[in-house]
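Just so it is clear, none of the values below were taken in a lab; they were calculated from the coordinates. Please read these numbers as outputs of a predicted model, since none were measured by experiment. As a convention, Cβ positions derive from the backbone with ideal geometry for all residues, glycine included, and neighbour counts pool all protein chains shown.
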Amino acid sequence: MINQLQEKYQLSLLLLLASVAICGVSPYVVSRYLEGNYTSSLIDLSLILGIIVLVSLAYYTKKIRILSALIAVFINVGVVVVVVKNGYDSFFWVYPVFASIYILLKPLEAFIVNILAGISLLLFADILTFMSLDSFIITTLMLTMSAFVYSNHSLKQFRLLETLNTIDDLTGAFNRRALKTDIDEIIASSERRGDSPLLAILDLDYFKKVNDEFGHAVGDKVLKDFVAITKANIRKYDRLYRFGGEEFVLLVSDIEGQQQNFIDNLRKSIKKELKTPNNKSITVSFGVATWIPNTTADSWLKRADKVLYQAKENGRDCAVFSNE
Ligand SMILES: Nc1nc2c(ncn2[C@@H]2O[C@H](COP(=O)(O)OP(=O)(O)OP(=O)(O)O)[C@@H](O)[C@H]2O)c(=O)[nH]1
């Protein structure tokens, strides 16, 4: 979920960057060709074509992070080459290129890439023949540092947005929206790699009684405690989602051969640690369905829900595995 949001955002920025590069650099390809400056025209043309190819690859392969990094290096090398070749005439391209690196990389990475490009300019281009060293250092540093601050701030805002979009604010578990995306991803990766994930629906037993006896605020705290205990007893890559009310979904990535033990241990840990204010154990019923070929998000949830019903019928505080 988180990645998908970021992916879409990054992809739209890449498309914007490609459009700006085409509109901004194309006139120079033509004018330099007409002036007889064929090498510069060819360098500009290569820059445009390279950006188009890399952005198209990002669009079709969705390997956005690595291709963004390649584009960043490509355009920074490009601008150094252009300034080495054309000197003062092309120097001012340094500023928009340095700023656009922040679209492509994380703030610190962009900062480092820009510093390296700045050093390369000093080493390989004759910029000190038309500007002083202080002017070069101060103007490029001011630009890259302002872009760093802005980009860092945007990154923080983006992360906050991701959290608001994917986390249940009462319990801190992932929300239903995140579940939908993650189930689709886990199904796709199981089909590709033959993993054995499982999906379990966890439903607190007699939770209404907790609310009735101790009040809604205590009920809320029990839900939060349940999430904290469950998270502490699952592995790093397993994820817990609030499905609604006192019902949660657990997605366990790859657990071939240990499903029964894993679920039993989790159920027992919750029973041991989750308590009412008068120290009575709160138990949980589990409906568990392992991934099988041709599973869809819907059919997976339905299989788990069906056996959850059986677990409740069997007297609760137990786990039933689907054999469908
Ligand atoms: N405190 C609190 N209660 C909630 C929340 N969401 C749902 N509930 C309560 O959860 C209770 C669910 O009750 P039931 O569906 O009857 O389930 P149960 O009492 O756990 O019984 P079984 O599932 O059959 O064992 C209801 O009383 C809801 O009001 C919440 O966010 N906070």
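Some observations on this one:
- Integer Hz, Karplus 6.51/-1.76/1.60 couplings in order for region 81-98, x for Gly and Pro: 4, 4, 6, 4, 6, 9, x, 3, 4, 10, 4, 5, 5, 4, 5, x, 5, 4
- When only alpha carbons are used to place a centre, region 13-34 and region 249-324 end up 57 Å from one another.
- Fewest-first ranking of VAL73, VAL55, using other Cβ atoms within 10 Å as the exposure measure: VAL73, VAL55
- Pairs of Cα atoms nearer than 8 Å and 6+ residues apart set the relative contact order; for the chain it is 13 percent.
- Hydrodynamic radius by Kirkwood, which averages 1/r over all alpha carbon pairs of the chain, in angstrom: 23.7
- The label point for LEU108 and the one for ASP184, both projected 7 Å from the Cα toward the Cβ, are 3.3 nm apart.
- Comparing mean-square fluctuations of ILE137, ILE101, ILE282 from a GNM of the chain with C-alpha springs under 10 Å, the top value falls on ILE137.
- Phi angles of region 260-269 translate, via the Karplus equation with coefficients 6.51, -1.76, 1.60 and θ = phi - 60°, into HN-Hα couplings of 4, 4, 4, 5, 4, 4, 5, 4, 5, 5 Hz per residue; Gly and Pro are given as x.
- Principal-axis tilt of helix 107-124 within the chain, Cα atoms, nearest 10 degrees: 20
- Remark on LYS275: its backbone amide H falls under 5 Å from those of ILE282, a criterion applied only to residues 5 or more positions apart or on other chains, H modelled at 1.01 Å from N.
- The eigenvalues of the Cα gyration tensor, multiplied by 5 and square-rooted, give region 2-166 an equivalent ellipsoid with semi-axes of 29, 21, 11 Å from largest to smallest.
- The alpha carbons of region 215-293 stretch over 44, 23, 21 Å along the principal axes, in descending order.
- CD proxy at 222 nm, helix term only [per DSSP H run n ≥ 4: -39500 (n - 2.57); per residue of the chain; nearest 500]: -23500 deg cm²/dmol
- Over region 96-242 - Rg/Rh using Cα atoms and the Kirkwood inverse-distance radius: 1.25
- Each Cα pair of region 176-321 feeds into the Kirkwood radius, which the Stokes-Einstein equation turns, at 10 °C and 1.306 mPa s, into a diffusion coefficient of 102 µm²/s.
- Ranked list, fewest to most other Cβ atoms within 10 Å of each Cβ, for LEU143, LEU250: LEU143, LEU250
- 18 Å Cα cut-off, lysine pairs counted over region 2-166 (separation 8 or more, or different chains): 7
- Couplings for region 159-166, taken from phi via the Karplus curve 6.51 cos²θ - 1.76 cosθ + 1.60 with θ = phi - 60°, read 5, 5, 4, 4, 4, 4, 7, 10 Hz in order; Gly and Pro are left as x.
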